[in-house]
Amino acid sequence: MRGRRKPPAAPLPQRDGIDAVRVRLPEDPEGRWASVGAHLADRFGGAIGVDRVAGMLAAGRFVWADGVAVRGSEPYAAGRCLWFHRDFAPEEPVPFPVGVVYRDERIVVADKPHFLATTPRGRHITETAVARLRRELDLPALQPAHRLDRLTAGLVLFVVRPEDRGAYQTLFRDRLVRKEYEAVAPYDPELALPRTVRSRIVKERGVLAAREEAGEANSESRVELVEHRGPLGRYRLVPATGRTHQLRVHMNALGLPIVHDPLYPVVVAEGAADDFSRPLQLLARVLEFTDPVGGEPRRFASGLRLSAWPEG
């Protein structure tokens with residue numbers, strides 16, 4: 001079996017920690033596009049307007065692999081690649097730093113704050129952990145080995161060199177990483193803990209909250225009470241699987257919704273602005289694994305604390 005051909009290097013540097021977009025000109029058996037400009041207008045005009053596409057061409061913002069600006073009048077040729085930078089909509093800055101717990105020539109282990117997405121998606125592009133770290137550490141090739149939910153704080157493993165990324169991603173895919181979380185939620189003296197929760201979790205695209213339904217379990221979490229103070233408890237959560245919102249769903253199912261959770265049990269209106277004074281009280285506390293490149297055991301612990309459980 002032939003391996004995938006490595007995509008050509010981008011002729012444009014990153015902007016704000018974000019790569020340029022690569023566009024491969026598709027086959028055109030019907031001869032719809034006489035010129036490159038006609039194709040770009042057809043491809044992107046519906047999203048940003050034909051006049052905006054023409055303006056980007058005139059400004060030299062589309063370039064070929066050799067860095068030469070694309071001329072809209074150039075004859076269309078399927079298979080060629082060009083690059084450009086998107087215009088980013090203004091984003092509300094997340095007012096918390098990304099901490100670096102560990103760094104060497106292969107990996108960066110970061111302490112991601114609440115409200116910061118791990119990777120660009122939707123309306124969160126430059127205000128993401130990977131974009132910030134690329135800029136702050138001057139590591140343009142940095143990529144995450146896994147994702148941590150935007151509202152959850154704590155440890156995220158990033159890979160410095162592209163050739164190593166697959167090895168570290170495989171650790172997470174094959175469940176060879178032990179992950180330990182901490183949460184603050186209501187305390188129920190009648191609930192017997194520790195316990196292992198198993199259920200079938202379904203998350204539909206476009207629906208904010210996941211749900212549990214009947215059927216074979218596809219998720220498993222260990223829930224332990226560490227201590228309690230009055231109506232609140234501090235919990236250790238150890239997931240054996242990684243379904244979307246798994247820990248939040250399982251805690252809610254136990255009658256222990258995590259403090260400040262905007263989805264469980266009640267969904268806050270979509271599009272509501274983040275309230276930075278009320279972060280979800282869920283923290284990715286520990287990552288443990290055997291390094292797939294060096295072979296050494298690794299254990300990292302977050303330096304963050306949950307605001308609803310101050311030191312006392």
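The values are calculated or read from the model by the stated rules, or taken from the named source; none is laboratory data. On a predicted model such as this, the values are computed, not experimentally measured, just so you know. Here the Cβ is made from the backbone with ideal geometry for all residues, glycine too, and neighbour counts use every protein chain on show. For accessibility, only protein heavy atoms count, side chains too; no ligands or nucleic acids. Shrake-Rupley method; radii C 1.70, N 1.55, O 1.52, S 1.80 Å.
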How far is the Cα center of the stretch 205-233 from the Cα center of the stretch 139-198, in Å?
-> 15 Å
Measure nothing fancy, just the Cα-based angle from helix 36-48's long axis to the longest principal axis of the chain, in degrees from 0 to 90, nearest 10.
-> 40 degrees
Tell me, how many Å apart are the Cα centres for the stretch 23-88 and for the stretch 110-135?
-> 29 Å
Would you kindly find the accessible area of residue 193, with a 1.4 Å probe and non-protein molecules such as ligands, DNA and RNA excluded, rounding to the nearest 10 Å²?
-> 50 Å²
How much accessible surface does residue 170 have with a 1.4 Å probe, in Å² rounded to 10?
-> 50 Å²
Mind listing which GluC sites (Glu not before Pro) in the stretch 104-174 are in a DSSP loop and have 10 or fewer other Cβ atoms within 10 Å?
-> 105
Can you spot the lysines whose alpha carbon is less than 30 Å from residue 179's alpha carbon? Ignore those fewer than 8 places along the same chain.
-> 112, 203
For the stretch 137-251, count all C-alpha to C-alpha pairs, find those more than 25 Å apart, and express that count as a whole percent of the total.
-> 34 percent
In debye, nearest 20: dipole of the chain around its Cα centre with unit charges on the Cβ of K, R (+) and D, E (-)?
-> 660 debye
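Protein chains only, probe 1.4 Å: how do 250, 228, 245, 260 rank by accessible area, largest first? Don't skip to the answer; put the middle values down first.
Numbers: 250 0, 228 90, 245 30, 260 60 Å².
Output order, biggest surface exposure first: 228, 260, 245, 250.
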Loop chymotrypsin sites (Phe, Trp or Tyr not before Pro), the stretch 258-312, which have at most 14 other Cβ atoms in a 10 Å radius of their Cβ (DSSP) = 276
Rg/Rh of the chain (Cα atoms, Kirkwood Rh), to two decimals, equals 1.04
Contact order relative to length of the stretch 6-91, as percent, for alpha carbon pairs under 8 angstrom and 6 or more apart | 41 percent
Taking protein heavy atoms only, a 1.4 Å probe, and rounding to whole percent, the accessible area of the chain owed to carbon and sulfur comes out at 50 percent
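List the relative contact order of the chain as a percent without decimals, with contacts defined as Cα pairs under 8 Å and 6+ residues apart.
Working: 593 pairs, mean separation 43.9, N = 312.
After rounding, I find 14 percent.
Please list 219, 277, 35 in order of solvent-accessible area, largest first, computed with a 1.4 Å probe with all protein chains present.
On the way: 219 5, 277 90, 35 25 Å².
Of 219, 277, 35, the descending order of accessible area is 277, 35, 219.
222 nm [θ] for the chain, helices only, -39500 (n - 2.57) per DSSP H run of 4+, per residue, to 500? Before the final figure, lay out the partial values.
Numbers: 5 runs with 51 residues, N = 312.
Helix contribution divided over all residues of the chain: -5000 deg cm²/dmol.
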Row for the stretch 187-274, column shape: gyration tensor on C-alpha, a ≥ b ≥ c, rounded if a/c < 1.5 i.e. under 1.5, prolate if a/b over b/c, else oblate; value oblate
Amide H to amide H, which residues 5 or more places from residue 102 or on other chains are under 5 Å from it, using H placed in the peptide plane?
-> 109
Candidate cut points under GluC sites (Glu not before Pro) in the stretch 186-275, DSSP loop plus at most 10 other Cβ atoms within 10 Å of their own Cβ, are 190, 204, 216, 270
Residue 235 accessible area, 1.4 Å probe, all protein chains in place, Å² to nearest 10 = 0 Å²
